[in-house]
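What follows is a single structure, written as structure tokens, with notes after it.
Throughout, read-outs are computed from the coordinates displayed, never taken from laboratory work. Everything numeric here is computed off the predicted structure, so don't read it as measured data. Because the Cβ atoms are built from the backbone with ideal geometry, glycine has one as well, and the counts that use them run over all protein chains shown.
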Amino acid sequence: MGPIVVGYSGSEQGSRALLRAATLAEALPATLVVVAVARGSDQAPAIGGEPHRGLSSVAGLIPPRETGPASREDVAGEGEELRLRHELDRARELVADRDLSIEFTVEVGAPAERLLAVAKERGSELIVIGAREHGILERLMHHTSVETTVSAQFDHDVLLVH
């Protein structure tokens, strides 16, 4: 089996998805690819089911804290980069006791689009994402969720963790 890609947002759902993906990666064994996605400065949230097209380039691999800061262009802005580094530090802490091969990456763009691209680039057969309950406003505006988009467009398995 190829690597397991997991979308991580720092939320409770994202943490549960990360832990479930880590358990699966240990059992198989498989490499775990933890992906945090930042919207670019011109990336607006999806409205009416159609994502706004913005930055979609790979921002790069974020090395573990002890190797020093990443040497990459700060595409998402300093505040966004700091937030994502904090989230990935938290992700590292959640899986620190696991005997796994883990990669942590930051992507810039639409979350579903970037998760699908990473999965395809890495030859993954499984994407794990946290599912959340959508509010009335999102349902009224026919907002297409990340999990719905990924499930509809990925050619392999998608595990939604509640």
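Peptides 5-12, 94-101, 109-116 ranked from most to least packed, by the mean per-residue count of other Cβ atoms within 10 Å: 109-116, 5-12, 94-101. Judged by the mean number of other Cβ atoms found within 10 Å, the most tightly packed of the peptides 149-159, 81-91 leads the ranking 81-91, 149-159. For residue 110, the residues whose modelled amide H falls within less than 5 Å of its own, excluding neighbours fewer than 5 places apart on the same chain, are 54.
Near residue 8, the amide H atoms lying under 5 Å from its own belong to 35, 36, 37; only residues 5 or more places off or on other chains count, and H is placed 1.01 Å from N. Between residue 90 and residue 78, the modelled label-to-label distance comes to 2.2 nm, taking each label 7 Å out from Cα in the direction of the beta carbon.
R0 = 30 Å: FRET efficiency of residue 98 with residue 120, Cβ-based, nearest 0.05? With a Förster radius of 30 Å, E is 0.75.
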